[in-house]
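Peer 1: Dropping the structure in here first, questions after.
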Amino acid sequence: MADADEDTAPDTSAPEDDAPLSRPRIGRIMEAVEAQDRERLWAETEPLHAADIADLLEQIGSGDRRRLIALYGQEFDGDILSELDESIREEVIGLLQPDVLADAVRELESDDVVDLVEDLEDDQQEAILGILAAPDRLAVQQSLTYPEYSAGRLMQREVVMAPEHWTVGDMIDFMRRSETLPEQFYHVILVDPRLHPVGNVMLGRVMASRRDTALSRIMEETFHTFAVTDPESDVAYAFNQYHLISAPVVDEAGRLVGVITIDDAMSVLDEEHEEDILRLAGVGEEGGLSGRLLETIRDRSIWLFVNLLTAILASVVIEQFADTIDRMVALAVLMPIVASMGGNAGTQTMTVAVRALATRDLTARNALRIIGREITVGAANGTLFGIIMAGVVGLWFGVPVLAGVIALAMLLTLIAAALGGIVIPMALEKLKIDPALASGPFVTTITDVVGFFAFLGLASLVLL
């Protein structure tokens, strides 16, 4: 029976072609483009989400991208533009026919249009704004007057609001009559006569309550508002911290002007996480796979140059002990081990510190406790690996004093790495410098210089 069950058991593994952008599907799409078969192209892309089509456009080359867009024609979805990486969005907009671009942009909500046009050149920006109806154009232009990376840029103007004295029945009748409701919304925002938001009512509560229930009775207890000038990073933090779904945005007078939804707030968090990862590696925003070649070369070369300077500084330290190294070649063999361990320990601590600063888990209030904890971790690991290396060096070179030197050097280096890995990001943030971008070279310099100085300095004192 067991064999029979195994033979008849269904295969639950999904075939590769079930994936939205499987290699076979991409192959068929490109075959349709080569054959100029529009119907086949539409058939292959129709099941795909706009984000999948955006991924496809980012993965293929510029020539294939041009041919695919030309063949796609009027079916081009505006949501594709909002999903595209900024590095190629401008190129795609330039490839679209004016009437196709007009249809695509009119489908978008105001926040997506703002995100679309804010990084474009002036001529492309004016062309897209000219496509919009006058009220939509004014709304987008108003959003563009707010600071970059602010709540005013992030919000959408499509808001569902109601006077605070309305009942559930009033709200339901209004929604049934209205022809301009957003495609998706989560809350009804209650406002006073001066359009100041006073509370949120979940749409589900509206639909589940009796018609004669006052909306003010079913408001949510948690209610947050944001000013148009609030940094979008603060908005994203609040959404994540307080589990918000949507929140109203107010102008300088406290009047309701828009709403931010969870999808936009989470997009900000994702972008910040991606930027932190790139910057920790010394790669700028344009340094990814989709960035322009010259900008990628420029961004990476800047931090490679900084790294070169730090390497030269470490070499200067080594040069001070050239005579010591000449007298004992074993020191040259062991130096990379000390430097490598210190570099890895420093990177570990720096990564934790940068992430903790971004999530506000590391603050001035708990800084001393965290620094003490990291120094303890560095000392413990320094002791452990110092003992291990002492045993290895004792067996390898048969010089007990050299084993003691590398053990002590390992301890000092890992303590310095732990201290530098947390203090440097904190100091850079205090100086208003992005710790994710600038910490790496400084931490590397400290670990290399301390590691070489400790190892070679102790060796020159004890061995010679």
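Every read-out reported here was derived from the displayed coordinates using simple, explicitly stated rules and does not represent laboratory data. What you see is a predicted model, and the numbers here were worked out from it, not measured in a lab. Reconstructed Cβ throughout: ideal geometry from the backbone, glycine too, with neighbour counts over all protein chains shown.
Peer 1: How far apart, in nanometres, would the label points at GLU274 and ARG137 be if each is projected 7 angstrom from Cα along the Cα-to-Cβ direction?
Peer 2: 3.1
Peer 1: I've got another one for you. Please report, in whole Å, how far the alpha carbons of region 95-183 spread along each principal axis, starting with the longest.
Peer 2: In descending order, the Cα extents are 49, 30, 18 Å.
Peer 1: List the relative contact order of region 161-280 as a percent without decimals, with contacts defined as Cα pairs under 8 Å and 6+ residues apart.
Peer 2: 23
Peer 1: Between SER233 and GLU148, 0.36 nm times their residue separation minus their Cα-Cα distance comes to what?
Peer 2: Full extension from SER233 to GLU148 adds 29.5 nm.
Peer 1: Among bridges DSSP assigns within the chain, what percent are antiparallel (round to 5)?
Peer 2: Among the beta bridges of the chain, antiparallel pairing accounts for roughly 70 percent.
Peer 1: For region 296-409, just say rounded, prolate or oblate: build the C-alpha gyration tensor, square-root its eigenvalues into a ≥ b ≥ c, call rounded for a/c under 1.5, and beyond that prolate if a/b exceeds b/c, oblate if not.
Peer 2: Note, shape of region 296-409 comes out oblate.
Peer 1: Here's something else I'd like to know. If I histogram all Cα-Cα distances within the chain using bins 10 Å wide from 0, what percent of pairs lands in each bin?
Peer 2: Bin by bin from 0 Å, the calculated values are 4, 15, 18, 19, 17, 14, 9, 4, 1, 0.
Peer 1: Whole percent per 5 Å bin, from 0 to the bin with the longest distance: what is P(r) over all C-alpha pairs of region 161-280?
Peer 2: Going out from 0 Å in 5 Å bins, region 161-280 shows 2, 11, 19, 20, 19, 12, 8, 4, 2, 1, 1, 0 percent.
Peer 1: Work out the charge dipole of the chain with +1 on the Cβ of Lys and Arg and -1 on the Cβ of Asp and Glu about the Cα centre, then indicate which of ILE446, VAL113, GLY61 is farthest towards its positive end.
Peer 2: Comparing the listed Cα positions along the dipole, ILE446 ranks first.
Peer 1: Expressed in nm to one decimal, what extension gain is obtained for the pair MET202 and ALA364 from 0.36 nm per residue of sequence separation less their Cα-Cα distance?
Peer 2: Stretched out fully, the MET202 to ALA364 stretch lengthens by 54.6 nm.
Peer 1: Further, regarding this structure: Note down the nm distance, to one decimal, between modelled labels 7 Å out along Cα→Cβ at GLU91 and at GLU46.
Peer 2: Reported label-point gap for GLU91 and GLU46 is 3.0 nm.
Peer 1: Then there's this: Report the FRET efficiency, 1/(1 + (r/R0)^6), for ASP192 and GLU75, where r is their Cβ-Cβ distance and R0 is 60 Å, rounded to 0.05.
Peer 2: The calculated FRET efficiency here is 0.85.
Peer 1: About the Cα centre, and with charges only on the beta carbon of Lys, Arg (+1) and Asp, Glu (-1), how big is the dipole of the chain? Nearest 20 debye, please.
Peer 2: 2520
Peer 1: A further question follows. For region 22-145, state the average projected area of the convex hull of the C-alpha atoms over all orientations, rounded to one decimal in nm².
Peer 2: Mean shadow area of the hull around the Cα atoms is 7.2 nm².
Peer 1: Specify which residue in the list GLY342, GLY421, VAL393 is farthest towards the positive end of the charge dipole of region 293-462, using unit charges on the beta carbon of Lys, Arg (+1) and Asp, Glu (-1), about the Cα centre.
Peer 2: Highest projection toward the positive end goes to GLY421.
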